[in-house]
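The values are calculated or read from the model by the stated rules, or taken from the named source; none is laboratory data. Note that the coordinates shown come from a computational prediction; the quantities given were computed from them, not determined experimentally. Positions of Cβ are backbone-derived with ideal geometry, glycine not excepted, and every protein chain shown enters the neighbour counts.
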Amino acid sequence: MESVFQNVFGRTFSSMSEVWLAVAYVLSMFMVLIFRPQQIASPSVFRGSYCAFALYLVLPVVVDGVLRLVNFGQQPTGMGRMAAPPTWTNTVVDVAVSIVAKCLLAASICYGLSSLMRSSPTQSADVSDAQQQS
């Protein structure tokens, strides 16, 4: 069972710090939803944050599955035979997916924080003054 977990989620999380960052993100976003929903200034950005986080979790696993299906007939395995080493295209795709996944994690955190920020009172006062004058 542990090897299945490592195969599925080992591609998603590259280090323990990344795991704890993802756990902290999920817990903090759920705490905001449960205890302070009025703090969400922009619900659409908040939803975008969760979509980016979902893509961060799903993208590496899906791409790995697709690569395994594509390479299924090309790598001879069996009793006493080693699997063929990955091709350079697989390596490039793995690195690219890893970079994109980390960018999605960063984007989800930034979107989550920006969805909680309200505009400053002076900015909203300037906007309301401009609307009253026109």
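Scanning the range 2-22 for residues that are among the β-branched types (Val, Ile, Thr), within 17 Å of the chain's Cα centre (by Cα), in a helix (DSSP H, G or I) and modelled with pLDDT under 85 turns up just one, VAL8. Picking from residues in the range 29-49 that are of a type in the set (Ser, Thr, Tyr) and at pLDDT below 95, the one that is nearest to THR89 (Cα to Cα) is SER44. Taken over the range 51-87, residues that are modelled with pLDDT under 90, among the aliphatic types (A, V, I, L, M) and surrounded by fewer than 13 Cβ atoms within 10 Å (Cβ to Cβ) amount to 7. Please specify each residue of the range 54-72 satisfying the condition of being in a helix (DSSP H, G or I) and either touching a His at 6+ places or on another chain (Cβ under 8 Å) or more than 28 Å from ILE109 (Cα to Cα) (or both). Residues satisfying the conditions are LEU67, ARG68, LEU69, VAL70.
Among the residues of the range 23-43, those that are touching a residue at least 60 places away in the same chain (Cβ under 8 Å) and either in contact with a strand residue (DSSP E or B) (Cβ under 9 Å, 6 or more places away or on another chain) or in a helix (DSSP H, G or I) (or both) comprise TYR25, SER28, MET29, VAL32, GLN39, PRO43.
Checking every residue in the range 107-118 against the condition of being surrounded by fewer than 16 Cβ atoms within 10 Å (Cβ to Cβ), aliphatic (A, V, I, L, M), at pLDDT below 90 and more than 14 Å from the chain's Cα centre (by Cα) gives at least one match.
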